[in-house]
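The values are calculated or read from the model by the stated rules, or taken from the named source; none is laboratory data. Keep in mind that what you see is a predicted model, and the values were worked out from it rather than measured. FYI the Cβ positions are ideal-geometry reconstructions off the backbone, even for glycines, and counts take in every protein chain you see.
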């Protein structure tokens, strides 16, 4: 049965209501002690207390500021490397295996390395963000460039596009769908790396609040910060990367032109 697009959001809303109801039912059944598994209302109350005590908003600001700086550097570096990889088989052969290997490392594995190199500083957090996300962006960009239909390049040459202008006028625009997908993956990995680094290297941020909740045995705070982390990831995917990807698909005739 085909569900109309405008009704899907109601199914999504109902799905999350069911999750909250199941969460509350599990708490009420007292199968797990409440100091280990708090109720949704307890988690919401703890987040409100963190807000009132001026812990939550400064931590959110610090985390997003680190992400903004670190991921901007990682995205630029990844796109530059991906462009070179996509246009050179030799460079692609050398770097692809390295980047694939780096992607198998958990993002938290970069934290001890950053501690050894940078100590307890924000530069170490930026290092974790860059090393976690730049390889994913580079691989996606190179794949997008390598899968550009040859007819695009031939038409561009026929129309007189000079060689030095091909990357900006043809190659990058044609590979944008793959690049946006790589940026989404890179942001996710950078987010993981940022929070992981803040668990150890910071005195402010979402990772610090997670660590503080663990040390205080405050499960409501731990789960609350986890929920916020998931929520911000979903919002970013829906209202930033999702909209960018939709516009690119429409621009290249790969998606619906009417709004959902």
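Some values worked out for this structure:
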read-out: Residue check, residue 82 in contact (Cβ under 8 Å) with a residue 24 or more places away in the chain and either part of a helix (DSSP H, G or I) or crowded, with 21+ Cβ neighbours inside 10 Å (or both); value: yes
read-out: Subset of the range 72-88 [within 20 Å of residue 150 (Cβ to Cβ) and modelled with pLDDT of 85 or more]; value: 82, 83, 84, 85
read-out: Residue, farthest from residue 78 (Cα to Cα), within the range 104-122, restricted to residues that are surrounded by 14 or more Cβ atoms within 10 Å (Cβ to Cβ) and free of Cβ contacts under 8 Å to residues at least 40 places away in the same chain; value: 118
read-out: Hits in the range 28-70 - residues which are within 16 Å of residue 212 (Cβ to Cβ), without any contact (Cβ under 8 Å) to a residue 24 or more places away in the chain and either touching a strand residue (DSSP E or B) at 6+ places or on another chain (Cβ under 6 Å) or not in a helix (DSSP H, G or I) (or both); value: 53, 54
read-out: The one condition in (1) surrounded by fewer than 13 Cβ atoms within 10 Å (Cβ to Cβ); (2) closer than 15 Å to residue 222 by Cα that residue 46 fails to fulfil; value: (1)
read-out: In the range 85-101, the residues that are within 23 Å of the chain's Cα centre (by Cα) and exposed (fewer than 13 other Cβ atoms within 10 Å of the Cβ); value: 97, 98, 100, 101
read-out: Odd one out for residue 209, checked against (1) crowded, with 22+ Cβ neighbours inside 10 Å; (2) closer than 19 Å to residue 112 by Cα; value: (2)
read-out: Criterion violated by residue 21 - all others in (1) touching a residue at least 40 places away in the same chain (Cβ under 8 Å); (2) under 17 Å from residue 227 (Cα atoms); (3) part of a helix (DSSP H, G or I) satisfied; value: (1)
